[in-house]
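The values are calculated or read from the model by the stated rules, or taken from the named source; none is laboratory data. Treat the numbers as computed from the prediction; the structure is a model and nothing was measured. Note that each Cβ is placed from the backbone with ideal geometry, even for glycine, and that neighbours are counted across all protein chains shown.
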Amino acid sequence: MKTRVLGFSGQIASGKTTISQAVAAKLGWRWFGFGEFLRHEAMRKGLNPSDRFVLKRLGKDAIEIGWESFCTNVLRGAQWQPNEGLVLDGIRHIEAIQTLRKLTYPTDVRLIFVSTAQDVRKSRVLNCGGSEEIRSLDADALEAQVQGDLSARSDVTVDGALSVEECAMGVLNWLVGLGKGQAHTNDVATQSLRRTTD
């Protein structure tokens, strides 16, 4: 299979981290995430790496320094080398995927969006001991960009309500189709990766 960088995006509690880790394991590729990088930064600075607001502030600080620096540091944290496959979790901005494409050229970079219904995400937050209301999390301006811009610009959309195995196998089958020149648009891939209603 052709070596690529696969970026995963999706709203809070969509399942993107679990799915991206499963895809990386099946491909035998390295996995890393923007959130993982920010948690390492928080620990390095003596801050709470579990505090969503701390991570958000660190992310904003990294963006203010510049996208190229931020993405370069994430790639370093991932220990990525050209011609190696990499699965990157936590793409939250269009600028991140654009910068990754520039930094890793000529490696093919693809964006996978995990779309999960609000009620499923709410249940996941509550099951993990979260007390935050999913609607208030979704109201954040960054979440709106994730749901809008990144969803619209993704190469494929995965239904996060499917099992992790179904999602991971769907992504692998989509990648095989890409290699054969058979999967080009989000719409075609979305149909094969979404749960049917019959």
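Residue-by-condition table, conditions (1) at pLDDT 70 or above; (2) closer than 28 Å to residue 53 by Cβ:
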{"position": "111", "(1), (2)": "yes, yes"}
{"position": "127", "(1), (2)": "yes, yes"}
{"position": "137", "(1), (2)": "no, yes"}
{"position": "159", "(1), (2)": "yes, no"}
note = residue 19: passes all of (1) in contact (Cβ under 8 Å) with a residue 24 or more places away in the chain; (2) over 18 Å from residue 160 (Cα atoms) but (2)
Region 1-22, residues that are of a type in the set (Gly, Ala, Ser) and at pLDDT 90 or above = 7, 9, 10, 20, 22
ask   = Any residue at all in region 1-10 that is farther than 26 Å from residue 161 by Cβ, without any contact (Cβ under 8 Å) to a residue 60 or more places away in the chain and among the basic types (Lys, Arg)?
value = no
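Select, from 25, 13, 42, the only residue that is of a type in the set (A, V, I, L, M) and part of a loop (DSSP other than H, G, I, E, B). Give the steps one after another, and end with the answer.
On the way: 25 fails: part of a loop (DSSP other than H, G, I, E, B); 42 fails: part of a loop (DSSP other than H, G, I, E, B).
From the options 25, 13, 42, the qualifying one is 13.
Would you be able to say whether some residue in region 49-66 is of a type in the set (Asp, Glu), assigned to a helix (DSSP H, G or I) and surrounded by fewer than 18 Cβ atoms within 10 Å (Cβ to Cβ)?
Taking region 49-66 as the starting set, the residues that turn out to be of a type in the set (Asp, Glu) are 51, 61, 64.
Subsequent filtering for residues that are assigned to a helix (DSSP H, G or I) retains 61, 64.
Next, from what is left, pick out any that are surrounded by fewer than 18 Cβ atoms within 10 Å (Cβ to Cβ): 61, 64.
Taking every residue of region 49-66 in turn, at least one turns out to be of a type in the set (Asp, Glu), assigned to a helix (DSSP H, G or I) and surrounded by fewer than 18 Cβ atoms within 10 Å (Cβ to Cβ).
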remark   = Within region 49-108, the count of residues that are more than 15 Å from the chain's Cα centre (by Cα), closer than 24 Å to residue 153 by Cα, basic (Lys, Arg) and modelled with pLDDT under 95 comes to 2
Considering residues of region 2-29 that are hydrophobic (A, V, I, L, M, F, W, C) and closer than 20 Å to residue 92 by Cβ only, the residue surrounded by the fewest Cβ atoms within 10 Å (Cβ to Cβ) = 12
